[in-house]
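Single-structure report; data block below.
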Amino acid sequence: RRLAKNADRIAWELFFSTAKGLSVKVKSHRSRLYHTGAIAQTLESSIARRLTQADRAEQPVTVPQTLYVRVVDDQVALSVDSSGESLYKRGFKSGPAHAPIRETLAAVILLSAGYDGLMPLVDPMCGSGTFSLEAAMLAKQMAPGIGRAFAFMGWPAYTEKKWAFLKREAQSRIDVLDRPRIFASDVDPATCARLSVTIGQHGVTDAVMVEQKDFFHSRGDHYGRTPGLVTINPPYGIRLGSQRQADDLFRAICRHLKAYYRGWRIALVTPNRELARRVPFPARQMPLFHGGLTLSLVIGTI
């Protein structure tokens, strides 16, 4: 009763235009209110009553809405999701990829390695191209997610004109580059073809060049005279079939980097700490959590 009474005091009409399609997700811990289904039903009923009292005409659901409810020690916290899909989804990538790294994690790796958007960046095992796409947005000063939808677009306070104005401001700050600074390559032609389509669709062809190439045929001097940053998330685990194969590939990558990328910075994802300690160039390592695995990130200069 107390939950229902307090819920009825909330001006739900400020956040929701309709109760239809609303998802209420509840977690409860150490509380007398432990039945998550009953909590969700109580709040859904309160929202429906309030919107009816506010004389709101039923509106179609354009953007799915979610209310998160956390009950801990009999204290209830409510959060309205403003994003919708997870923020790491920039609206760029599509199609299958093997163990793709999340966009937000890739951005953190780039910034941790000192990437400034001006230096050359080589992504020689690009896969779905996450490093290349994130680097392109940094190089072009492009706002992440500028082309995607957000849950707040379904809020009553949202106005299309204001959002369009903010987007125009963000778009006006996007740089047009005179030549690509980011070089993505992969041994798989289908992977390169998909990434080329993505780059063309999202207006970053001035920043990224894609080429089908085996990493072991690449050299730092192929990309200009000035060293930059190499980013690699190599295959490991079940993608190669055995731990030994993954370790052997990692060592081979390090040998090739040392021989042909002298002076370049490196951001290298490693399958375990022991391998990270054995890289043949000065580097520091950081813990990295990706895809349910605990990995290491090696950042250094070759």
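For the reader, a short list of remarks on this structure follows.
- Note on segment 103-113: residues that are open to solvent by 30 Å² or more (accessible area, probe 1.4 Å) and of a type in the set (Gly, Ala, Ser) total 1.
- Ile253 vs. criteria more than 19 Å from Arg102 (Cα to Cα) and among the β-branched types (Val, Ile, Thr): yes
- Residues in segment 242-273 that are under 23 Å from Phe289 (Cβ atoms), in a helix (DSSP H, G or I) and touching a helix residue (DSSP H, G or I) at 6+ places or on another chain (Cβ under 8 Å): Gln243, Ala246, Asp247, Phe250, Ile253.
- Restricted to segment 283-300, and to residues there that are small (Gly, Ala, Ser) and under 17 Å from Lys258 (Cβ atoms), the residue that is least open to solvent (accessible area, probe 1.4 Å) is Gly300.
- Some residue of segment 183-193 being assigned to a loop (DSSP other than H, G, I, E, B) and either within 22 Å of the chain's Cα centre (by Cα) or buried (at least 19 other Cβ atoms within 10 Å of the Cβ) (or both): no
- Complete set of residues in segment 210-235 that are under 21 Å from Val298 (Cα atoms) and either assigned to a strand (DSSP E or B) or at pLDDT 95 or above (or both): Phe215, Phe216, Ser218, Arg219, Gly220, Pro227, Gly228, Leu229, Val230, Thr231, Ile232
- Checking segment 194-209 against the condition returns a match, with at least one residue being over 21 Å from Ala143 (Cβ atoms), open to solvent by 20 Å² or more (accessible area, probe 1.4 Å) and outside any helix (DSSP H, G or I).
- 3 or more residues in contact with an Asp or Glu (Cβ under 9 Å, 6 or more places away or on another chain) and surrounded by 14 or more Cβ atoms within 10 Å (Cβ to Cβ): qualifying strands (runs of 3 or more DSSP E) within segment 1-83: 65-72
- Search result, residues across segment 101-119 that are modelled with pLDDT under 95 and touching a Lys or Arg at 6+ places or on another chain (Cβ under 7 Å): Glu103
- Cβ pairs under 7 Å, 6+ apart, first in segment 122-147 and among the β-branched types (Val, Ile, Thr), second assigned to a strand (DSSP E or B): Val122/Phe183; Val122/Val230
- Answer residue from segment 124-180, given it is of a type in the set (Val, Ile, Thr) and loosely packed, with under 14 Cβ neighbours inside 10 Å and is nearest to Thr198 (Cα to Cα) among those: Val176
The values are calculated or read from the model by the stated rules, or taken from the named source; none is laboratory data. Small disclaimer: the values here were computed from a predicted structure and weren't measured. Heads up, the Cβs are rebuilt from the backbone with ideal geometry, glycines too, and the neighbour counts pull from every protein chain shown. Accessible surface areas use protein heavy atoms only, side chains included; no ligands, DNA or RNA. Shrake-Rupley method; radii C 1.70, N 1.55, O 1.52, S 1.80 Å.
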